[in-house]
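Some notes on the structure that comes next.
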Amino acid sequence: MTTAETDSCLETTGIDVSFAGLVALTDVTLRLARGEILGLIGANGAGKTTLVNVITGYQRCKSGTVILDGEDITKASPEERARRGLARTFQAGRLFRRLTVEENLEAAAFGVGMRRRAARQRATEVLKLTRLERLRHAPAGALPYGEERRVALARALTIRPRFLAVDEPAAGMNETESEELLELVAEMRDRDGVGILMIEHDVGLVMRLCDRVQVLAEGKTICVGNPDEVQRDPEVIRSYLGTRKVSVDAA
């Protein structure tokens, strides 16, 4: 990791969110560096997706700030955040189903201001990097589930993000598909220096892939640390992991 990547970071401070009086997040602080994968875990309703929505501009916070490389982007639109290098994927792929895979990637490039020729060149480059060239002309709406999730990641990579939030990328995948996705995400970190914030219920995948893990419970951070530290934390065991034992071998 270069010095520039180490200095580059995405941060939140004091994030509070409420829905009709129901507290979703309370004073949540998070820090993600370039070239790092941070896992965000917790039980259903812990506030994980709400936090990602705040970070990526799809949810306003009651108080707190979102900082990207020293700039306050709390009030920036999702589109503006994307242009500044912050991308995301969703639990549902949200591909343009009537477009081909290549056209989906080109659309992402257009969205951050690339011209047609540059967008096509970038789409071609990313299809090769993500080993999806064989699907270039396939309609996105006809893709198998696992391939759809891979294309969603490829589309996010097309805009050359510095930071990427991924929401349950392995949900619904079989073991082989999950391993292939783990490899792709690790490549994005190692090759492209992308800082990745990942929500994922597959705890084994999180512990093998992530450099650090942040645990939410009832809208509050209860632990942040490396995978081994998190698995040994008494409050995490009590509120989320229970007696589960997972591998912490590196991906």
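The values are calculated or read from the model by the stated rules, or taken from the named source; none is laboratory data. In this text the structure is predicted, and so the values were computed from the model without any measurement. All Cβ positions, even for glycine, are placed from backbone atoms using ideal geometry, and neighbour counts span all protein chains on display. We work out accessible area using only protein heavy atoms, side chains counted, and drop any ligands, DNA or RNA first. Shrake-Rupley method; radii C 1.70, N 1.55, O 1.52, S 1.80 Å.
Structural remarks
- When its C-alpha radius of gyration is set against 2.2 N^0.38 Å (N residues), the range 69-161 gives a value of 1.08.
- Long-range tail of P(r) for the range 126-251 (Cα pairs > 26 Å, %): 27 percent
- Binned Cα-Cα distances of the chain, short to long, each 10 Å bin given as a whole percent: 7, 31, 37, 20, 4, 0
- For the range 1-130, dividing the convex hull volume of the Cα atoms by the residue count gives 142 Å³ per residue.
- Within the range 116-180, the proportion of C-alpha pairs whose separation exceeds 20 Å stands at 29%.
- Each part gets one Cα centre, and for the range 111-127 versus the range 223-241 those centres are 42 Å apart.
- The residue among 101, 188, 39 whose Cα reaches farthest toward the positive pole of the charge dipole of the chain, with charges on the beta-carbon of Lys, Arg, Asp and Glu, is 101.
- Per residue, the accessible area of the chain comes to 47 Å² when a 1.4 Å probe rolls over the protein heavy atoms.
- For the chain, a simple Cβ point-charge model (Lys and Arg +1, Asp and Glu -1, everything else neutral) yields a dipole of about 960 debye relative to the Cα centre.
- Alpha-carbon Debye profile of the range 170-209, log10 I(q)/I(0) at 0.19, 0.20, 0.33, 0.35 Å⁻¹: -0.53, -0.59, -1.24, -1.28
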